[in-house]
Amino acid sequence: MVTPETAEQWIGEKPQTSVLLPELPVAMLRNATLLVGFGSMYVAVTSMTDADHRQQFFAPIIDEIERILTVHTVYVVLRETAPAPPAGGDSR
C-alpha cells in the first residue's frame, strides 16, 4: 500500500480523503467503483448470453422467488376468505 507521504510526493499535494470513510483516499474509492462497474457489466452480459451460466447461477434464485410468491399468494387468499372473528368475543 502506498503511504500518504509517498502519494503526496507522487501527486504533488496531499491526497483527498473520503468524507464517509476518512481513512480511504478518494482516488482509491473511484478506482474501486470503476472496477466494480466493469465486473458488473461482465456478469450482466455473461448472464444474458450464456445459457449454462444463467442456469447454474440464476435458476435456483428464480425458483426460490417463485416459491415465495406462491406462498404469499396462498396466504393472501386464505386471509381474504377466512371467516370474520365473532363480534364481542375474546380478542386473543
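The values are calculated or read from the model by the stated rules, or taken from the named source; none is laboratory data. If you're wondering where the values come from, they're calculated on a predicted model, not measured in any experiment. A quick note on method: Cβ atoms are made from the backbone with ideal geometry, for glycine too, and the neighbour counts reach across all protein chains shown.
Residue-level check: of (1) over 23 Å from the mean Cα position of the chain (by Cα); (2) free of Cβ contacts under 8 Å to residues at least 12 places away in the same chain; (3) surrounded by 10 or more Cβ atoms within 10 Å (Cβ to Cβ); (4) in a helix (DSSP H, G or I), residue 80 misses just (3). Going residue by residue through the range 41-55, is there one that turns out to be surrounded by 10 or more Cβ atoms within 10 Å (Cβ to Cβ), part of a loop (DSSP other than H, G, I, E, B) and of a type in the set (D, E, K, R)? Yes, the conditions are met somewhere in the range 41-55.
Answer yes or no as to whether residue 67 is at pLDDT 95 or above and either over 22 Å from residue 3 (Cβ atoms) or surrounded by 11 or more Cβ atoms within 10 Å (Cβ to Cβ) (or both). So residue 67 fits the description; yes.
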